[in-house]
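*Asks:* My questions all concern the structure below.
The values are calculated or read from the model by the stated rules, or taken from the named source; none is laboratory data. Every value quoted in this text rests on a predicted model; they were computed, and no experiment measured them. In this analysis, Cβ positions are derived from the backbone assuming ideal geometry, glycine residues included, and neighbour counts consider all displayed protein chains. Keep in mind that these areas ignore ligands, DNA and RNA; they rest on the heavy atoms of the full protein, side chains included. Shrake-Rupley method; radii C 1.70, N 1.55, O 1.52, S 1.80 Å.
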Amino acid sequence: MENSVVLEKHVFTGKCSENLSSVEDAIYVIGGKWKLKIIIVLQENGNIRFNELQRAINGISARVLSNELKDLELNGFVKRVVHAEQTPVVVEYISTDYSRTLKPVIISLSEWGRTHKRKLKEDF
């Protein structure tokens with residue numbers, strides 16, 4: 001019986017550690033103040049130019065947006081499309097299929113956020 005308890009504890013601890021590691025990986029990639037906001041705007045607007053994207057995200061600087069877009073592109077969430085055939089050259093950003101796999105997570109976070117806000121208002 002004692003060996004069974006130790007084994008169950010080890011399995012649970014391993015699963016917990018695995019879950020923590022996975023969540024840490026996810027937060028590393030999409031965490032921070034701006035990344036999810038950028039992903040949401042891209043998913044809701046389709047192709048969007050840099051200045052339009054910056055206007056859609058209140059308070060983000062051009063430098064920060066540029067860096068965040070590079071990170072998101074590197075991780076497969078954003079695709080940068082250059083239309084060199086046009087004058088002036090047009091650069092658009094689009095949400096990738098991989099980025100759209102976050103949609104259920106974003107919807108769940110949004111619903112949880114609304115519930116949390118209501119709870120806080122009720123508590124005070």
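*Asks:* In nanometres, what is the gap between the two model label sites at ARG63 and GLU18, each 7 Å from Cα along Cα-to-Cβ?
*Replies:* 4.3 nm
*Asks:* If you don't mind, another one. Can you find, among ILE39, TYR28, THR87, the residue sitting farthest towards the positive end of the charge dipole of the chain, where Lys and Arg contribute +1 and Asp and Glu -1 at Cβ?
*Replies:* THR87
*Asks:* Nearest 500 deg cm²/dmol is fine: what mean residue ellipticity at 222 nm does the chain get from its DSSP H runs of n ≥ 4 alone, each adding -39,500 (n - 2.57), divided by its residue count?
*Replies:* Helix-only estimate at 222 nm: -22000 deg cm²/dmol.
*Asks:* Still on this model: Could you grab the relative contact order for segment 47-97? Cα pairs under 8 Å, six or more apart, rounded to a whole percent.
*Replies:* This gives 41 percent for segment 47-97.
*Asks:* If you don't mind, there's one more thing I want to ask. Diagonalise the Cα gyration tensor of the chain and give the resulting equivalent ellipsoid semi-axes, square root of 5 times each eigenvalue, largest first, whole Å.
*Replies:* Equivalent ellipsoid semi-axes, largest first: 38, 21, 12 Å.
*Asks:* At 0.36 nm per residue, minus the direct Cα-Cα distance, what do THR101 and VAL81 gain on full extension? Give it in nm, one decimal, please.
*Replies:* Values: separation 20, 0.36 × 20 = 7.20 nm, distance 2.05 nm.
Between THR101 and VAL81, full extension yields an extra 5.2 nm.
*Asks:* Go from 0 up to the bin containing the longest alpha carbon distance in segment 77-117, width 10 Å each, and give me the % of pairs per bin.
*Replies:* 26, 28, 24, 16, 7
*Asks:* Kirkwood hydrodynamic radius of segment 54-107 from all distinct Cα pairs, in Å?
*Replies:* On the way: mean 1/r = 0.0794 Å⁻¹.
For segment 54-107, the Kirkwood estimate is 12.6 Å.
*Asks:* Using a 1.4 angstrom probe on the protein heavy atoms only, line up GLU92, GLU44 by accessible area, largest first.
*Replies:* Result, largest first: GLU44, GLU92.
*Asks:* Taking the Cα centre of the chain as origin, work out the dipole magnitude from +1 charges on Lys and Arg Cβ and -1 charges on Asp and Glu Cβ, in debye rounded to 20.
*Replies:* Rounded to the nearest 20 debye, it is 500 debye.
*Asks:* Pairs of Cα atoms under 8 Å, at least six residues apart: use those to get the relative contact order of the chain, whole percent.
*Replies:* 21 percent
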